[in-house]
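Working notes, beginning with the structure itself.
The values are calculated or read from the model by the stated rules, or taken from the named source; none is laboratory data. These numbers come from a predicted model, not from an experiment. For neighbour counting, all protein chains shown are included, and Cβ atoms are generated from backbone atoms with ideal geometry for every residue, glycine included.
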Amino acid sequence: MFAVTAFAVLIALGIALARAFLGPTVFDRILAVNSVGTKTVLLIAVLGFLTGRPDFLDIAIVYALINFIGVVAILKYVQYGDFALSGNVEPVPPGNVERAPQGDGEGGQ
Amino acid sequence: MIGQLLDGMSWLLLLAGAAFVIIGAFGMLRLPDFYSRLHPAGLTDTMGAGLILLGLLLQAEAWIVAVKLLIIAAFLLFTSPTASHATARAALAAGLRPWQTPKSGGGAPGQDGGT
């Protein structure tokens with residue numbers, strides 16, 4: 001039963017990798033990489049139980065930590081480097097982008 | 001008896017989690033634009049990971065294994081909505097427009113016939 005779950009997670013990893021390769025925008029690739037990281041955590045956990053050594057869960061914890069920090073770091077790089085303007089994302093004048101209200105009340109500073 | 005019950009429940013949870021992971025992956029491949037692809041990614045992160053980790057939790061023998069599984073589940077539950085929200089906000093701030101149906105009253109929203 002662990003083998004079936006591990007196989008399903010492997011198939012899902014392949015599909016997410018395909019989306020990471022053919023995603024039209026850079027945000028699709030970031031989303032796919034995030035999903036690959038989550039599925040890798042699941043795969044490591046299931047493989048630890050499959051081989052009868054649940055000590056693999058330490059590696060899964062480390063992978064979950066690194067995945068989140070890596071995604072946030074890539075997002076910062078894309079937003080503030082010149083990486084976002086080179087893909088298929090067309091830049092919109094800032095008045096057109098509808099933003100969520102930042103805090104309560106005072107939004108204009 | 002109780003061991004067989006735990007095994008059956010664990011198998012059910014693992015199979016349901018595997019089904020959610022597969023469905024989320026296919027949705028991430030098939031849906032038309034980025035903002036709609038966020039939804040199956042969240043499905044994988046919450047239901048798929050939650051059910052698989054819960055199914056593994058029923059198979060844990062030592063208590064430290066159960067604690068590690070709970071730590072992983074709690075961490076995924078905290079970080080994956082945060083990462084999805086940050087990704088969506090970054091895409092919106094970069095000017096990526098949400099996909100809309102070609103005719104505003106149109107029926108099937110798929111690219112090629114909706115399948």
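One residue alone among A:Gly52, A:Gly37, A:Gly48, A:Gly14 is outside any helix (DSSP H, G or I), free of Cβ contacts under 8 Å to residues at least 40 places away in the same chain and of a type outside the set (Lys, Arg), and that residue is A:Gly52. Only one of the numbered conditions (1) at pLDDT below 90; (2) facing chain B (nearest Cβ under 7 Å); (3) farther than 23 Å from B:Arg30 by Cα is not met by A:Val41, and that is (1). The condition of being under 15 Å from A:Ile61 (Cα atoms) and more than 9 Å from every other protein chain (Cβ to nearest Cβ) holds for only one of B:Ala66, B:Ala49, that being B:Ala66. Determine whether region B:49-62 contains at least one residue that is in a loop (DSSP other than H, G, I, E, B) and surrounded by fewer than 17 Cβ atoms within 10 Å (Cβ to Cβ). Looking for residues that are in a loop (DSSP other than H, G, I, E, B) and surrounded by fewer than 17 Cβ atoms within 10 Å (Cβ to Cβ), one finds at least one in region B:49-62, hence yes. How many residues are out of contact with any Lys or Arg (no Cβ under 9 Å at 6 or more places or on another chain) and more than 7 Å from chain B (Cβ to nearest Cβ) when one looks only at region A:25-35? So the answer is 2. Please verify whether region B:81-97 includes one or more residues that are surrounded by fewer than 17 Cβ atoms within 10 Å (Cβ to Cβ), out of contact with any Asp or Glu (no Cβ under 6 Å at 6 or more places or on another chain) and in contact (Cβ under 8 Å) with a residue 60 or more places away in the chain. No; the residues of region B:81-97 include none that is surrounded by fewer than 17 Cβ atoms within 10 Å (Cβ to Cβ), out of contact with any Asp or Glu (no Cβ under 6 Å at 6 or more places or on another chain) and in contact (Cβ under 8 Å) with a residue 60 or more places away in the chain. Looking across B:Phe78, B:Phe34, one residue alone is surrounded by fewer than 18 Cβ atoms within 10 Å (Cβ to Cβ), within 9 Å of chain A (Cβ to nearest Cβ) and within 17 Å of the chain's Cα centre (by Cα). It is B:Phe78.
The set of residues in region B:1-34 that are touching a Phe, Trp or Tyr at 6+ places or on another chain (Cβ under 7 Å) and assigned to a helix (DSSP H, G or I) contains only B:Phe34. Counting only residues that are of a type outside the set (Asp, Glu) and more than 30 Å from B:Leu92 (Cα to Cα), region B:1-36 holds 18 of them.
Cβ separations smaller than 9 Å between residues 6+ apart or across chains give the following pairs from region B:6-33 residues that are more than 19 Å from A:Asn34 (Cα to Cα) and free of Cβ contacts under 8 Å to residues at least 60 places away in the same chain to residues that are buried (at least 17 other Cβ atoms within 10 Å of the Cβ) and of a type in the set (S, T, N, Q): B:Leu6/B:Gln59; B:Asp7/B:Gln59; B:Ser10/B:Gln59; B:Leu14/A:Thr5; B:Leu14/B:Gln59; B:Leu15/A:Thr5. Exactly one residue among B:Ala83, B:Ala91 is in a helix (DSSP H, G or I), over 15 Å from A:Gly37 (Cβ atoms), of a type in the set (Gly, Ala, Ser) and in contact with a Phe, Trp or Tyr (Cβ under 7 Å, 6 or more places away or on another chain), and that residue is B:Ala91. Considering only residues in region B:5-31 that are farther than 29 Å from A:Pro24 by Cβ and exposed (fewer than 15 other Cβ atoms within 10 Å of the Cβ), the one that is farthest from the other protein chains (Cβ to nearest Cβ) turns out to be B:Leu5.
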